[in-house]
Amino acid sequence: MAEDHGSSRHMSSMSMSHKELGDDDARVVHVGDPERTNERLQFAGNAVRTAKYSPLTFLPRNLFEQFHRLAYVYFLVIAVLNQLPQLAVFGRGASVMPLAFVLAVTAVKDAYEDWRRHRSDRAENNRLAAVLSPGAAAQFVPTEWKHVRVGDVVRVGANESPPADMVLLATSDTTGVAYVQTLNLDGESNLKTRYAKQETLTTPLEHLAGAVVRCERPNRNIYGFQANLELQGEGRRIPLGPSNIVLRGCDLKNTSWAVGVVVYAGRETKAMLNNAGTPTKRSRLETHMNRETLFLSGILIALCSAVATLSGVWLRTHQTDLELAQFFHKKDYLKVGKEDNENYNYYGIAAQIVFNFLMAVIVFQIMIPISLYISMELVRLGQAYFMIRDAKLYDASSDSRFQCRALNINEDLGQVKCVFSDKTGTLTQNKMEFRCASIDGVDYSDVARQRPVEGEPAWAPKVPVKVDREVMELVRNGGATEQGMNAGEFFLALATCNTIVPLILDDGPDPKKKVIDYQGESPDEQALVSAAAAYGFVLVERSSGHIVIDVLGQKQRFDVLGLHEFDSDRKRMSVIIGCPDKTIKLFVKGADSSMFGIIDKTLNPDVVQATEKHLHSYSSVGLRTLVIGVRELSQSEFQEWQMAYEKASTALLGRGNLLRSVAANIERNMRLLGASGVEDKLQDGVPEAIEKLREAGIKVWVLTGDKQETAISIGYSCKLLTRDMTQIVINSNSRESCRKSLDDAISMVNKLRSLSTDSQSRVPLALIIDGNSLVYIFDTEREEKLFEVAIACDVVLCCRVAPLQKAGIVDLIKKRTSDMTLAIGDGANDVSMIQMADVGIGISGQEGRQAVMASDFAMGQFRFLVPLLLVHGHWNYQRMSYMILYNFYRNATFVFVLFWYVLYTGYTLSTAINEWSSVLYSVVYTSAPTVIVAILDKDLSRRTLLKYPQLYGAGQREESYNLRLFIFIMVDSVWQSLAVFFIPYAAYKNSAIDSASLGDLWTLSVVILVNIHLAMDVIRWTWITHAAIWGSIVATWICVIIIDSIPTLPGFWAIYEVMGTALFWALLLAVIVVGMIPHFAAKAIREHFMPNDIQIAREMEKSQDSRDVNHPEVQMSTSTRA
């Protein structure tokens, strides 16, 4: 079990424990006196506000946030330029409409979301709490939460939540215990114990006036708290820690009432400080899209420069004729003979070139598609909806659906090449079962001797435990022997050395047998305490100062004189117990790597040697192991420890380090009692999932805190490791040995590479490395060599790694390759890894919700990774890639039509296409079909994608979105624009048709052409797809008719004139046929002569659908970048 014991969340609290505060920086809280508390420094009030805007700030702030997108700034500049008389191409209203529409849609969405936040804030702030009124009356009066202040004394009833973070002063329990549930805070449903100090518990509330709490500044560490309490008239400071504070967001359970003093309120409570969102990530596709956007900008500048240059040439050539030109005559003939009659409406050739360039930018502005950004948001929303509703991603055991917490990286799920996975709770269930023990050097792991508890015990743990007959006999009847006493002491250690809360259930199946539910933060501790209960050492009661254990039918009280909780530095926990026989014992349990350093091996060397052998045996079969030790303390040793502990626990400066030092001083010369083996079963479907991921070309790295043997055993169980793999093990205890191991590993990799002539004969490699070696590698900057070895291996297994090392390993790959990384975990120790990876997935498991809260996506089981990546990831990537390229193509086609027209109109930037049609083209005419197709279309079925995991490689190889495809669609857009412009131009060249009629024909031609282009690429048709594509064409026709029916707009009645001729319909047909020839030909040639994996699989689907027979599997491409 190693350093995973206890709660891995303690690791995440280390970042705050290193920032410990001195008295000068401490917050001073006067109990029951909020006026005096807030006199010198006005602390935050308790009103919370999660809303972003107010009615006054909404418009400016929302616009400011939206204009962080440079594309919006670009379109704003375009709209402003169009307002200038010299540059006006479109009507002023028409030029502003696209940007205004996009801004308005986003603003309405943001306003609705913020309105909901305002409503939630009002409900929260207006809740009532019982606050102690100042003065002689000292009564609790109902007070709205928003009026509670730091220093107020508050009373909380059963099943209620405290209005702010408060230090406990008293509870309904005579021992000062309060039980809290932190479900709303960190997602954990297990009850946790909080304690009121005996000094405040026995003091009437009215006599606490004048007491002072000194605590650390507000911070977001929900598992740490450092403070002390000084009662009036006493010089002694009483230490306060995490077990003495109840946080806002907790619920009081199994306790009638609790009274506390508010130390943090409102936005300074730990719950509010943890409301910050996860780091913003951008999808790789969006990053690549910026590259193509730059290319489009280059094309736009080239077109505008060409128009501006040619206009300058034209003006230079015709400068003698400009007097007669409507827009260029130099003299104002109304002012003939006057001196100020020059330069009328004409600024010279150079100025006109600049004006024409800017006007061209306005005309060709949609080359950069403004609607693409809002389309991408809508598509991601639709994709997220279908992922959330997917029954294959629903976990019935935890009743949890898939969660999409970051909408902007959906498509990254289709390009993952490296998966970094935690083990405990991610690959395994994190539901621990006690399997075996080594006691006093004797191995009790024979499964044949294990059976359910016999007889009618008065107490029974809620989770049944199988017991070893021999051990049970030893415990019950061998108490007089040394071996029997050691066995009893072993189970007594399991029952006492923990932080478990026992709850006696009244609804058990047998009224004569009392069922105990053991609640705790660690599943390991629950398993060990349940095992102790099964063997007759039943923990039945816990208070702030003692525990009650039913020892073989006799209740005995043990005083808890001291407790050093588990931390990732010591990798162990200890408890000092006052026994009924007046002896004082120190029980310690922890990882073997930590425990054997503090055990006195001279006491019983044979037992130590045998236990080490048993530990290796347990680990080899995948069990999590713990070592248990004991030492009897003399009265002087205890008093010395007590003084040091009290001094360390009352310090605000360096308290964590001082307590660790005190623990290290007492935890020495231990006598070895034995070791335990706990099984953490694999989740359902894990081996199959890892096999599928490997077939898809995805490398799986497992990063765990378990010892090497346990990790390797689990690796074989889940098919991560196979018997034909060559293992490279780096497990070093010094820098020099680590360097040598790394050099040897590189030599082995190079040798095996030279022996492998092709990919089929290549020997699979597995790298197994431990945390100590990683420390040496990162300290000596040998990451490059580690990367060289790791990237050559098919599997990497890292054991005994700390949380920051997990993030460092992910960063090692991110910095040196372009591979998409995904991290998946379930605990607080996985948060840094999840946030470091390109895609972070949290498992809603037994270890709280920190991983989920930090993740981009959350789900209930590791096996869901297969449908998520291979199905939804593939679909999301293919759809989004096509949609982006299609948006570039459809807008470029329209712009090139406008460009050809400019070349034939003296470069004046006048347009035949109505200004409203130009504006509505990308926003209304062609936007809906691409969004619908990008949400609903499926290039392959779920069944095919799961049957052939190699198909996932298309996303890894970026087959659906790359520079080659971009160039192809731009060439296609040029060809189609030529067909759209020149076929009608050639037909009407010598006619008297007006430009407005020709513009309507061009508009309809482009819209029909791009929609048929889209229809040709659709794979799965639905009625919604039909309605979107053909409805878009109909809607365009209706809009053109309406626009041409308005007398005040240019081109009045033009569409009616031109539609009445047969030539109009013939030209529409000719444009569509000629325009689609290259796309149709390229599609046919590619699919019949150069098909890729996806097209082959699609043909197989068609054959299966038509004949319903089984086809032989086709070898898919597996070539991926190393």
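The numbers here are math on the coordinates, done by the rules we state, and not lab data. Since we're looking at a predicted model, the values are computed, not measured. Note: ideal-geometry Cβ built from the backbone for every residue, glycine included; neighbour counts use all protein chains shown.
Here are a few things to note about the model shown:
- Distance from the alpha carbon centroid of the range 914-979 to that of the range 856-890 works out to 14 angstrom.
- At 0.890 mPa s and 25 °C, Stokes D of the range 47-126 from Kirkwood alpha-carbon radius, µm² per second: 169 µm²/s
- Backbone phi angles across the range 579-589, fed through the Karplus curve with coefficients 6.51, -1.76 and 1.60 (θ = phi - 60°), yield HN-Hα couplings of 7, x, 7, 6, 7, 10, 10, 10, 9, 10, 9 Hz in residue order; Gly and Pro are listed as x.
- Computed helical MRE - 222 nm, the chain, DSSP H runs ≥ 4 contributing -39500 (n - 2.57), nearest 500: -14000 deg cm²/dmol
- Put in line by how crowded their Cβ is, counting other Cβ atoms within 10 Å and starting with the fewest, GLU489, GLU541, GLU667, GLU113 read GLU113, GLU541, GLU489, GLU667.
- By the Kirkwood approach, averaging reciprocal distances over each pair of separate Cα atoms, the range 570-650 gets a hydrodynamic radius of 14.5 Å.
- Ranked by the mean number of other Cβ atoms within 10 Å of their residues, highest first, the peptides 229-241, 906-918 come out as 906-918, 229-241.
- Sequence-distant residues sharing a close amide H with SER732 (under 5 Å, placed H): ASP770, SER773
- When the alpha carbon gyration tensor of the range 921-1068 is reduced to an equivalent ellipsoid, the three semi-axes, largest first, read 37, 18, 12 Å.
- A simple packing score, the average count of other Cβ atoms within 10 Å per residue, orders the peptides 244-257, 1009-1022 as 244-257, 1009-1022, with the highest score first.
- Amide H to amide H, with H built 1.01 Å from N, ASP826 comes under 5 Å of ILE843, counting only residues 5 or more places away or on other chains.
- Rounded to whole numbers, the Karplus 3J(HN,Hα) couplings from phi for the range 601-610 are 6, 7, 5, 8, x, 5, 5, 4, 5, 5 Hz, using 6.51 cos²θ - 1.76 cosθ + 1.60 with θ = phi - 60°, and x at Gly and Pro.
- Where Rh is the Kirkwood radius over Cα pairs, Rg/Rh for the range 384-488: 1.24
- Between LYS431 and ARG217, the distance separating the two model label sites (each 7 Å from Cα on the Cα→Cβ line) works out to 4.5 nm.
- Residues whose amide H falls under 5 Å from that of GLU541, counting only those 5 or more places apart or on a different chain, are VAL548, with hydrogens built in the peptide plane.
- Förster radius 56 Å - calculated FRET efficiency between PHE968 and SER734 (Cβ-Cβ, nearest 0.05): 0.45
- Spherically averaged projected area in nm², based on the convex hull that wraps the Cα atoms of the range 428-679: 14.0 nm²
- Look at ASP559, ASP1093 and count the other Cβ atoms within 10 Å of each Cβ; fewest to most, that gives ASP559, ASP1093.
- Relative contact order [Cα under 8 Å, 6+ residues apart], the chain, whole percent: 13 percent
- Among beta bridges identified by DSSP and lying wholly in the chain, the antiparallel ones come to about 75 percent.
- Put in order of Cβ neighbour count within 10 Å, fewest first, the listed residues LEU128, LEU539 become LEU128, LEU539.
- The modelled label-to-label distance for the pair THR1061/ALA986, using points 7 Å beyond Cα in the direction of Cβ, is 1.7 nm.
- ³J(HN,Hα), Karplus 6.51/-1.76/1.60, whole Hz, each residue of the range 674-687, x for Gly, Pro: x, 8, 10, x, 10, 9, 10, 5, 5, 5, 4, x, 5, x
- The value of relative contact order for the range 47-126, using C-alpha pairs under 8 Å at least six residues apart, is 50 percent.
- Separation of the range 165-181 from the range 728-793 is 53 Å, based on Cα centroids.
- Extension reserve of the ARG282-VAL354 stretch, reckoned as 0.36 nm per residue once the Cα distance is removed: 22.2 nm
- Packing-based ranking, highest mean first, of 149-158, 1047-1056, 854-863 given that Cβ atoms within 10 Å are counted: 854-863, 149-158, 1047-1056
- Remark on the range 490-633: Rg and Dmax equal 16.0, 50 Å (Cα only).
- Measuring r between the beta carbons of ILE1041 and LYS815 and using R0 = 41 Å, the FRET efficiency lands at 0.10.
- The residue list HIS614, GLN554, SER661 was ranked by how far each Cα lies along the charge dipole of the range 536-684 toward its positive end, using unit charges on Cβ atoms, and SER661 comes out on top.
- Extension gain for VAL447-LEU310 works out to 40.2 nm (0.36 nm per residue, less the C-alpha to C-alpha distance).
- Note on LEU63/PHE1052: beta-carbon distance plugged into 1/(1 + (r/R0)^6) with R0 of 30 Å gives a FRET efficiency of 0.25.
- Binned Cα-Cα distance frequencies in the chain - 10 Å width, integer %: 2, 9, 15, 17, 16, 14, 11, 8, 5, 3, 1, 0, 0, 0
- Extension gain from TYR904 to VAL105, taking 0.36 nm per residue of separation minus the Cα-Cα distance: 283.8 nm
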